[in-house]
Every structure is written in structure tokens, then in C-alpha cells.
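For reference, the structure is listed below as C-alpha cells.
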Amino acid sequence: MTASTSPIVIIVGTNRPNSMSRKIAEYYQGILQQLHAPSIILDLVNLPDDFTVSALYANTGKNEAFNNLKSLLEQTDKFVFIVPEYNGSYPGVLKAFIDGLPYPNSFSNKKAALVGLSSNPQGATIALSHLNDVFSYLGMNTLAMRVKLGQIRSHYNENVMSNALYKELLEIQAGQIIHF
């Protein structure tokens, strides 16, 4: 399989302002740039505040701001999800975003890499498992290699990943998603 020429969409899996997920998304984008792979960051902080009312169900297609974010997904067949652990799973805003996308075509036969972040040592293992189950249902193909960045605040500061293993895992995974 050859590398795609469409940009890889890196999705920041939270709408928390100034999140660690956003910082890791930017770091990951830097790795993709070094590998000459185009990418776009889709940060859920840019979701309209009322999107669960104004863009879902009977209002599908009516919220222009949501439609603009949704259009990024149509430009690619590859994604990187940067997923923080919230209460033992992934953020509800990410689930609501996924639920607002056209079913079943938004992710069907597309490809994704998953990166989990947490304050605890486990690196969002359960959150990634939950998200992978949803993607399996939607027909998304996920890389077997899931990078789990536990205690992330101890290992990442000011665009520097101090944990050599984390750095290596992210670089390996980035290479895999390019050629997946």
C-alpha cells in the first residue's frame, strides 16, 4: 500500500481550551511534517457551543460552523485521534462529535491511529479500547499500535517529549499511519 496524498486529519479529542491533547496534536503534526506527510489539526475546541442542539438530528446540515469541521473529514481517509482519558473513557464531546457525523459513511473503510493521554500511568488504555469499539462498529480500520502516554505532564513540556520511549512510539506510529 502506498502513502496517501490527502492530508491526515489529527483530531484533538477534547474541547478543553489549551489542552494537553492539543499540545500533543501539534507535536504529532511536527513528526508528520518531518516525514513529509501533510496534515490538518481539527480541534474540538472549535465546535460550536450549541452543536448538540443546532447540528444534530433534525438539524443535520444546518450549522455552518459544524459543517466546516465536518468537511475536514471528507478531505481524507486517515486520522490520528489524540484522546485524553476522562472518567475512565474518552470525552463525551468526542462521542457527540462522532454521533453528529453522517452515518455510516464518515469513517467507513477509513484508517486511524489512536494516541491516549492520561495523568495516571495507564495512558488512557480503557478510553482507547472504548473508542476502538465505536470505530469498529463504524467500519473504521485502526492501527494495532495504540500509543498510550501515561503521566503525560511529567514527560512533555514546551514542545519537548522527555520520555525517549514515548517519542519513539509516536514516531513509529506516525510512519505506520502514513503507509497504512
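The values are calculated or read from the model by the stated rules, or taken from the named source; none is laboratory data. Because the structure is predicted, anything quoted here is derived from the model rather than measured. Quick reminder, even Gly has a Cβ in these numbers, built from the backbone with ideal geometry, and neighbours come from all protein chains shown. In case anyone asks, the SASA skips ligands and DNA or RNA and just uses the protein heavy atoms, side chains included. Shrake-Rupley method; radii C 1.70, N 1.55, O 1.52, S 1.80 Å.
Summary of values
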read-out: For Leu56: the one exception among (1) of a type outside the set (S, T, N, Q); (2) over 26 Å from Ser119 (Cβ atoms); (3) touching a residue at least 60 places away in the same chain (Cβ under 8 Å); (4) surrounded by fewer than 19 Cβ atoms within 10 Å (Cβ to Cβ); value: (3)
read-out: Only listed residue being in a loop (DSSP other than H, G, I, E, B), open to solvent by less than 70 Å² (accessible area, probe 1.4 Å) and on the phi < 0 side of the Ramachandran plot, chosen from Pro17, Pro48; value: Pro48
read-out: Failed item, numbered, when Gly175 is tested on (1) small (Gly, Ala, Ser); (2) closer than 28 Å to Asp99 by Cβ; (3) open to solvent by less than 30 Å² (accessible area, probe 1.4 Å); (4) in a helix (DSSP H, G or I); value: (2)
read-out: Qualifying residue in segment 79-88 (condition: touching a residue at least 12 places away in the same chain (Cβ under 8 Å), open to solvent by 60 Å² or more (accessible area, probe 1.4 Å) and out of contact with any Phe, Trp or Tyr (no Cβ under 6 Å at 6 or more places or on another chain)); value: yes
read-out: In segment 135-172, residue most open to solvent (accessible area, probe 1.4 Å) [restricted to those that are over 27 Å from Thr5 (Cα atoms) and touching a Pro at 6+ places or on another chain (Cβ under 7 Å)]; value: Gln151
read-out: Counted residues, segment 4-53 - those being closer than 16 Å to Phe79 by Cα, touching a strand residue (DSSP E or B) at 6+ places or on another chain (Cβ under 9 Å) and not acidic (Asp, Glu); value: 26
read-out: Criterion (closer than 24 Å to Ser39 by Cα, of a type in the set (Phe, Trp, Tyr) and assigned to a strand (DSSP E or B)) met by exactly one of Phe107, Phe79; value: Phe79
read-out: All positions within segment 131-154 that are without any contact (Cβ under 8 Å) to a residue 24 or more places away in the chain and among the aromatic types (Phe, Trp, Tyr); value: Tyr137
read-out: Unique residue being assigned to a loop (DSSP other than H, G, I, E, B), surrounded by 15 or more Cβ atoms within 10 Å (Cβ to Cβ) and modelled with pLDDT of 95 or more when the list is Ala37, Ala25; value: Ala37
read-out: Residue list for segment 113-130, filter: in contact with a strand residue (DSSP E or B) (Cβ under 6 Å, 6 or more places away or on another chain) and either open to solvent by 30 Å² or more (accessible area, probe 1.4 Å) or in contact (Cβ under 8 Å) with a residue 40 or more places away in the chain (or both); value: Ala113, Val115, Leu117, Ala124, Thr125, Ala127, Leu128, His130
